[in-house]
Structures are given as C-alpha cells and as structure tokens.
Amino acid sequence: MSSTPHTIAPGEHALDHGYAHHPGGIIRWITTTNHKDIGTMYLWFSFTMFIVGGLMAMTIRAELFKPGLQIVNPEFFNSLTTLHGLIMIFGALMPGAVGFANWMIPMQIGAPDMAFARMNNWSFWLLPPAALLLILSLFVPGGAAAGGWTLYPPLTVQAGMGMDLTIFAIHIMGASSIMGSINIITTILNLRAPGMTLHGSLRPICCSP
Amino acid sequence: MKNRTGPGVVARLLRTAIALSVAVPGLAFADYEWNFQPPVSSMAVQIVGLHAYIFWICVAIFVGVFGVMFYALYRHRKSVGHQAVQFHENTLVEIVWTIIPFLILLFMAYPATKTVLAMHDTSAPDMTIKVTGYQWKWGYDYLQEGFGFYSNLATPLAQIENREPKGEHYLLEVDNPLVVPINAKVRVLVTAGDVIHSWWMPSFGVKQDAIPGFVRDTWFRADKVGIYRGQCAELCGKEHGFMPIVVEVKSKEDYAKWVDEHKSKLAAAADDPNKTWSLNDLVARGHTIFDGNCAACHQTTGAGNPALGAPALVGDKVVLGPKEHQIDVVLNGQNNGKMPPWKHLSDVDVAAVISYTRNSWGNKADQNVVQPAEVKTARK
C-alpha cells in the first residue's frame, strides 16, 4: 500500500485503526460511545433540568408566599406545578440515575463499556429534544399541560396543543429511560469481569438506580 | 469509668428525645394550624385517634432503632479498644427480627382496616345528599326533600386580586352552604359533571373523589352545631382553588325550619315553564347567571381568555349567529369540553344567559331573545 516499506512490530498493527483519533468539539459529544462521556452528558442534562424544575418550584412558592394572586395567574400556576413534576421526574431524577449508572457500573464490575454503546448514545440524545418539546409547550396557544403531573382525564382532554407536546415528550423520555435500563441490566448480567459474581455486582452501593 | 458514662449519656439523650416527642405534638395540637382540624364527627375522631396511635408506634420504632444504634456506636467505639465479635447466622435473632415487624404490622393494620371499613359503611342513613362537582362549584341535591342548589365561592374578586383586605374566611366562604342536621347519619353520594373533583371536609373525616360517570358514597354524622369548611381536593382546572365547601350543621329544629323556608323560597321563585319572558327580565337574570358561571373563562366583560381557549363573546360569530346553534353549544359544550356542557342549568337560566350575551357589551344580535321554551325544545 505504502511506497515506503517498513516493518510492523507485532501489536503495533492494532494502534493503526484510528481508535486514538476521536473527533473534537461538539461532534465528540454527539457521536460518543464512551460511557463516561455519556454519563457526563446525562448528569449535566439532569442538573439543567433540576434547575429548570427548581425555578418552577420557586415560582410556585413565591406565589403561595401570600394569599391572593401576585405573580402568576391560576392557569399558569397549574402549568408550573404540572411541568415541575414531569421535569423533575423525567428530566432530573431518571437521567440522573442513568448518568451515575453509566459512569460507575462499568468501572465497578470491570466492564470495558456499557453493553450497547451506540444505543447508549441514542438513549441520551433522545432526551434534549423531549425536554425542548416540554419547555416549548409553555409558549403555545392554550399554554402547557395544566392538569397535574398525573394527567388525569377528562381534565387533560380539555387542554390544547400543550398537552399534545407533553404526551410526545413523555413518550420520548420513556423510550430513553427504557433503553437506559436495558443497557444497565444487560451490562450487569453479561459484562462482569471474570470472578465478579452477580451477587457482588448487585450490592446496593453499586447499582442503586 | 469511661465505659459507664456511655449508657448514662444515652439514657439522658433518650429521656430528652421522649420528652421532646411528647411535648411537640401536644403543642401542635393546641394550635390547629399545625395539625388536624378539631374533629366534629365520630369518624373524624377515629381518624385523628388512629393517626396519633400510628404516630406513637413510629416514635417508639424511631427511638428504639436509633437508641440501639447510637448506643452500639458509642459503646463499641474504637477509642475504648472494642473488639468486633465474629459470628455468622443466629437463628434466634433472625426469628425475633421477623416476628417483631410482623407484630408491628398487625397492630397497625387492624385498627387501620377497622377505620377504613367504618368509613365505607354507608348503611342505614338518616338522609341522603347528592354532591356533584362542577368546574368550578359544587351542586347539592337533597334527594328526600326533592330540591337542590349550587354552592359558589362568595369571596369577592377584589380580595383575590389584592384590591381589598382579605376577609376572615378568604376563599373558604360560599353563597349557599350545605345545611345538615346534627347527629343525623348523612349519606353523601359523590359524583362530578365534567372532570374529577374531590369533596373534602376535614373536620368530618370525609374525603371522596368525585368522578364523572361514577357515583361513590361516603357518610358523616356531625355532632356539633357550627359552620365547617373544606375544599376541592383534586386538581380540576384553573379555578380549583376557588370552589370551597362549607357545611352548616344546625339543630334538628333549625334544620326543619331551614328546609321549610328553603322549599317555600323555591316555590316562590319557581319559574312558570310556559311564561314568555320580556327581554329586560331575561337580560337581568342572564347577567347574574353569566357572572356566576361563564365569567370565570369568558370574563365579566365578555372579552374571553385566549390562554384558556375561551373566545371573546364580543362580536362572536356564535353569539351573533343563529340562536339554535348557540343553544346547542351552551347545552352540550364543544371542543372536548373546553366549553363544558351546561345542561344542568334550568331552561330559564340557559335562555337568560344566551339572551344576555346577545344584548351586552355592544353585541346586537338579529335574533336577540331566546325564550325558555326554545331551550326546552332543544334538549334531547
């Protein structure tokens, strides 16, 4: 192939396959299959959502600080409580758990990476669009879902397109969380280092998610 | 010496903890803002008692578990040179720590089950009242007496919008309270006309979800004359916080008097179904109906609320168009109940409120009068 012949030492061959040439910048994060990178993204996403959901909670509390209507009107208040619940559960708690699992489980059980490294990338990258849909729903005509995070019909049926966006967002987040958990379970079942028992890797400290 | 200070300190801590946990709920109970409302029915007494009973079991577990833990940590600390005991499996200990939680559970489950069963025992009532939740008010029907009415928030808007100082019963006052006799077992049938509500009277120990399409029942027997207040306890839309429940418990004589007065008042106010109304009478009546039912979304000015999907009624196509269509919209609702059906309003009320919208805020509809008879025909 090359015009300059040279000898290849045994083992050097492997280094030639470009594993060391990672893309930089944003492409690194979009294409990464590294469990630590993905775990980091999960945790930052979770933290961001925690702040967004927390701002909503603070607004709710500020409104309730005194009787009477001060800061927000009742329908927007209901949207805040609804989105606060959804964002904290689907945006902060679940991604937070998967984020920690991504970072730690492979290291704790001696696995090189998560079982499905590419699916891992996808299960994270489903989250930002879902979060965008949820937050976008605050700005559509009719306002965001305001029926509480339990979304009981028939109250939810009265809502406008904010509810449609919410339903779509919850489905995407649900898909993301199912993919995340399949990955965690498969990793623990199949990728333990030799000598690591299932019992050993299921100790609470290791896999609390 | 060092070894002997341990239990002494722990005992003192334990005594402080017990003293605190005795004192704190005692204090809290004196100031009802931090505890249950004073119970006025046997059911509520039972619930408050059950709560206290479970609370003290929790305190005992807390003190027991943390007491043993802190004692063990302190007594066996490294600085006194304690050596860990090395043993595995102890059948006696395992049996004990299985039986103790089992007993605790049993002692909690038995009274709890008894209370829940008592809550659901609606047999042999002295009277039955049907409660219907609407967005956003309560409807009460006295099934034996054969009359009913709606119970709307009585707090003026000016207080809610901070233009006036708040009254004593801010957001906990209504125009027509539910009136019941003392010491009578009242069976309450709870349902809803639009979305899920919940009828909650803390001082009676009653909370029952009001679910459209279902009738659930509960009961209470109030044992003290007075006025008691509760709220809707299931998020039901924008005015969820503005549909309180007020129950007035009267003596048997006062209650009988109230029923008579109410009946004669109703008879006097009863509408002759065949009467042809004048436009002025309809509009005047419609004004009241509109402000009490429609203004929550469409505003008293008819300007609507786009955020809620409530269109402005000023210059609205439906309001200015053929009256048959508007009657249909008001009776049956539209847009998946975003405009709820109002068929629980009487023919006269529906006719009046439609006539009002057709003659107010600059609206001048060609067909400007709707008579109750037309509404009656339109009902299916």
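The numbers here are math on the coordinates, done by the rules we state, and not lab data. Quantities reported herein were computed from a predicted structural model and do not represent experimental measurements. Cβ: placed from backbone, ideal geometry, glycine included. Neighbour counts: every protein chain shown.
Once both labels are positioned 7 Å from their Cα atoms along Cα-to-Cβ, the gap between B:LYS166 and B:TRP258 label points is 2.6 nm. Pairwise inverse Cα distances across chain B, averaged and inverted, put the Kirkwood hydrodynamic radius at 25.4 Å.
The angle separating the long axis of helix B:279-289 from the principal Cα axis of greatest extent in chain B is about 10 degrees. Given R0 = 51 Å, the distance between the Cβ atoms of A:LEU138 and B:ASP223 translates into a calculated FRET efficiency of 0.55. Note on A:ILE27 and B:ALA60: with the Förster distance fixed at 45 Å, the Cβ-Cβ geometry gives a FRET efficiency of about 0.15. Computed over chain A, the per-residue total of -39500 (n - 2.57) for DSSP H runs of n ≥ 4 gives a 222 nm mean residue ellipticity of -19000 deg cm²/dmol, rounded to 500.
I need the shape label for the stretch B:133-183. Rule: rounded when a/c is under 1.5, else prolate if a/b > b/c, else oblate, with a, b, c from the alpha carbon gyration tensor. Cα axes put the stretch B:133-183 in the prolate bin.
Once Rh is set to the Kirkwood radius over Cα pairs, what Stokes-Einstein translational diffusion coefficient, in µm²/s, holds for chain A at a temperature of 25 °C and a viscosity of 0.890 mPa s? Rounded to a whole number, D works out at 125 µm²/s. Applying a DSSP loop filter and a limit of 12 other Cβ atoms within 10 Å to the chymotrypsin sites (Phe, Trp or Tyr not before Pro) in the stretch A:31-71 leaves A:PHE65. Report the Cα centroid-to-centroid distance between the stretch B:86-133 and the stretch B:268-289 in angstrom, as an integer. Taking the Cα centre of each part, the stretch B:86-133 and the stretch B:268-289 sit 56 Å apart.
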